[in-house]
Amino acid sequence: MTQGVTGDEPAPRRYPLAEGETWAAAGFALLVVLVILGPILSQFGGALAGDGNPLRQVTYILAFLVLVAAALRTGRATAAFTTSAPVNLLLLWCWASLAWAIDPGVAARRLILTCVIIFSVFIAVECLGRDRARGIVITLFVLTFALNLAVVLAVPGVGIHQYEFGGDPSLIGDWRGIFPEKNLTGAVTAVTALMLFFARRPKAGLVRALLLAALLAFLVKTGSKTSMGIGLAALTAGLLYRRYDPRYWPWAMILLALLALGAALLVTANLDRILAVLDDRDSFTGRTQIWSSLLGYAGDHWMFGAGYGSFWNIGPASPIFSYARPGSWLTTITSGHNGYLDLTTQIGLPGLALVLFALFLHPLGRLLTERRAGEDGPMLMAILVFCVGQNMTESTMLDRDHIIQFCLIWTIASTLRGPAAA
């Protein structure tokens with residue numbers, strides 16, 4: 001009888017945290033809190049807003065330095081910085097892109113923060129092990145959900161989208177909790193639900209069931225269709241992975257190749273209908289208008305792009321002013337709402353190829369060919385699939401300290417690391 005990835009493997013034995021691991025736990029907890037608070041603090045003016053925010057920079061660097069100190073004390077510094085060679089290669093390409101970036105100063109600041117987040121996560125998982133790092137993440141994400149729900153119930157004028165002059169009327173009534181908009185809230189809620197659903201050996205089954213029911217209800221009330229749809233696909237992927245055995249990886253690869261071929265044929269057969277939808281200016285809540293501009297720029301600069309972090313939100317030098325009509329609302333936004341197109345415009349098609357391999361194909365291959373992930377495999381697969389799908393309508397990949405970008409990197413680091421620190 002074939003044994004799946006969950007098998008009957010014993011739970012890893014728990015040991016008291018050594019001094020270096022205590023530092024790692026404190027630094028990682030601080031990092032996760034900062035990632036969660038990032039969208040909230042960015043809504044305030046003055047010293048709390050903007051890419052040059054000193055408070056934001058100092059606190060992230062503090063968390064990073066604490067984690068580096070922990071890595072040095074545990075003797076894991078080298079392993080922590082070399083855990084994922086593909087990710088490091090991708091970051092090298094991003095740094096190289098500063099040579100042709102439209103605004104290298106802004107790009108460098110954004111890339112530094114991206115690197116700080118990525119290496120902080122890898123160091124934390126390396127020093128703490130996957131189990132302890134997972135415990136910190138789930139605990140803080142559940143507390144975030146509790147705070148979201150409390151704000152909605154206690155201060156609905158803040159926690160629920162209200163009428164705003166010039167705003168989108170379709171948002172009225174959607175729940176957002178402590179976050180500035182409902183799509184981010186929906187994504188965080190969906191990821192939290194996936195974490196809890198696939199949590200190993202829950203001690204309090206009833207409590208977990210009630211939490212999952214509350215998370216599902218909250219997700220529906222956010223009105224975030226992307227998070228609901230992609231969340232369902234991610235849940236399905238995680239459930240299928242529960243029955244998967246890594247010994248079948250050649251067949252899994254063949255099946256994935258056939259599915260990709262089938263999807264390509266389906267797109268080709270329905271290309272006219274797809275183009276008609278994309279030509280509709282109101283499709284995907286106006287996203288197709290953004291994508292048309294991004295595709296235009298990517299077609300003209302397919303090799304190198306504008307440089308990392310040098311397409312959106314860099315002032316009059318932004319390429320969007322040349323690829324959108326004068327005075328268009330497209331010149332007022334700061335994201336392309338498609339991570340794949342956004343990164344293509346920034347680091348070109350070679351950079352996109354590195355992104356797909358480093359952030360998705362490499363960890364997917366490890367999940368399909370190894371037992372390393374153990375009982376965490378279904379959860380890691382589900383979150384990986386969620387991040388893949390979410391970036392079709394949102395831009396979170398390599399986006400500095402975005403919560404979903406953090407979840408993606410944490411998933412990759414956990415996929416490559418054993419359950420407990422040795």
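The values are calculated or read from the model by the stated rules, or taken from the named source; none is laboratory data. Please read all numbers here as calculations on a predicted model, not as lab measurements. Positions of Cβ are generated from backbone atoms using ideal geometry, with glycine treated the same way; all protein chains shown enter the neighbour counts. Surface areas here come from the heavy atoms of the whole protein model, side chains and all, with no ligands, DNA or RNA. Shrake-Rupley method; radii C 1.70, N 1.55, O 1.52, S 1.80 Å.
Scanning for something among the acidic types (Asp, Glu) and under 16 Å from the mean Cα position of the chain (by Cα), does segment 364-378 turn up at least one residue? No, segment 364-378 has no match at all.
When 152, 137 are checked against the criterion of being at pLDDT 95 or above, farther than 21 Å from residue 402 by Cα, surrounded by 18 or more Cβ atoms within 10 Å (Cβ to Cβ) and of a type outside the set (Lys, Arg), 152 stands alone in meeting it. The set of residues from segment 295-316 being assigned to a loop (DSSP other than H, G, I, E, B) and farther than 22 Å from residue 400 by Cα comprises 301, 302, 303. All of 311, 304, 321 fail the test of being buried (at least 21 other Cβ atoms within 10 Å of the Cβ), over 16 Å from the mean Cα position of the chain (by Cα) and closer than 23 Å to residue 109 by Cα, apart from 311.
Of everything in segment 100-122 that is in contact (Cβ under 8 Å) with a residue 24 or more places away in the chain and open to solvent by 30 Å² or more (accessible area, probe 1.4 Å), the residue that is farthest from residue 348 (Cα to Cα) is 119.
For segment 224-233, the condition of being under 22 Å from residue 370 (Cα atoms) and open to solvent by less than 50 Å² (accessible area, probe 1.4 Å) holds for none of the residues. Apart from one condition, residue 187 fits all of (1) assigned to a helix (DSSP H, G or I); (2) out of contact with any strand residue (DSSP E or B) (no Cβ under 8 Å at 6 or more places or on another chain); (3) open to solvent by 60 Å² or more (accessible area, probe 1.4 Å); the exception is (3). Kindly establish whether residue 372 is open to solvent by 10 Å² or more (accessible area, probe 1.4 Å), touching a Leu at 6+ places or on another chain (Cβ under 8 Å) and on the phi < 0 side of the Ramachandran plot. In short, yes. Hey, can you tell me all the residues within segment 61-93 that are of a type in the set (A, V, I, L, M, F, W, C) and either open to solvent by 70 Å² or more (accessible area, probe 1.4 Å) or under 22 Å from residue 352 (Cα atoms) (or both)? Within segment 61-93, 61, 62, 65, 72, 81, 85, 87, 89, 90, 91, 92, 93 qualify.
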